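In what follows, a structure is listed as structure tokens, so that the remarks can point back to it.
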């Protein structure tokens, strides 16, 4: 059910929420930030591998979203649009750095945490041995992910962690659908090779 702008729960409908933001409703912008900030932060963190940098890039993303919300024309979803801004900022940031800073896997995971190729999990298993094994597996995968170049790391995060469709990734990164598929294929091969090297 589409919630109207006048409905007290309009914040649950992205289109109505965006309209309120475009009217200058500060509460609506706060709700938009609350709705997507953890998801965006975790995606950026997997790419830049540093909590402070991820927090700054997330904040910078929403500053730009606030500045540009008036020009948003709903040709894509607000989620895809703000992720495009966030990914562009993150890629530019990583390109400016000589070396990606290694991060920690101990950061808290939000409700949107998903697996990277079925291996990076927010698992709360009652068995301490199983929990330790899961964390070790996650650390191995993340170590391999860190070795990838920025383009490959970004596309894996968007597909395997954010679970975006190929079309959403193409729109977010501003590349052709065929490029998404070929780059993702190369990224998966590279990740697999790094995983084999790490496990030897």
Quiz item: Here is a list of conditions, (1) modelled with pLDDT of 85 or more; (2) closer than 30 Å to residue 74 by Cβ, and residue 94 meets all of them except one; can you say which number that is?
Solution: (1)
Self-check item: Among (1) surrounded by 15 or more Cβ atoms within 10 Å (Cβ to Cβ); (2) free of Cβ contacts under 8 Å to residues at least 24 places away in the same chain; (3) under 26 Å from residue 165 (Cβ atoms), the one test that residue 56 misses
Solution: (3)
Quiz item: Taking the stretch 71-82, which residues are over 16 Å from residue 17 (Cβ atoms) and assigned to a helix (DSSP H, G or I)?
Solution: 71
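Go through the stretch 103-200 and tell me which helices (runs of 4 or more DSSP H), entirely inside it, have 3 or more residues that are modelled with pLDDT under 85 and surrounded by 14 or more Cβ atoms within 10 Å (Cβ to Cβ). First the steps, then the outcome.
Values: elements: 128-147, 150-156, 166-173, 177-199.
Hits in the stretch 103-200: 128-147.
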Quiz item: Which of the residues spanning the stretch 41-53 are buried (at least 19 other Cβ atoms within 10 Å of the Cβ) and farther than 16 Å from residue 142 by Cα?
Solution: 41, 53
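Go through the residues of the stretch 19-31 one by one and say whether even a single one is under 17 Å from the mean Cα position of the chain (by Cα) and part of a helix (DSSP H, G or I).
Step one: list which residues in the stretch 19-31 are under 17 Å from the mean Cα position of the chain (by Cα), which gives none.
No, the conditions are met nowhere in the stretch 19-31.
The values are calculated or read from the model by the stated rules, or taken from the named source; none is laboratory data. Given the structure is predicted, the values throughout are model-derived calculations rather than measurements. No Cβ is skipped: glycine too gets one built from the backbone with ideal geometry, and neighbour counts run over all protein chains shown.
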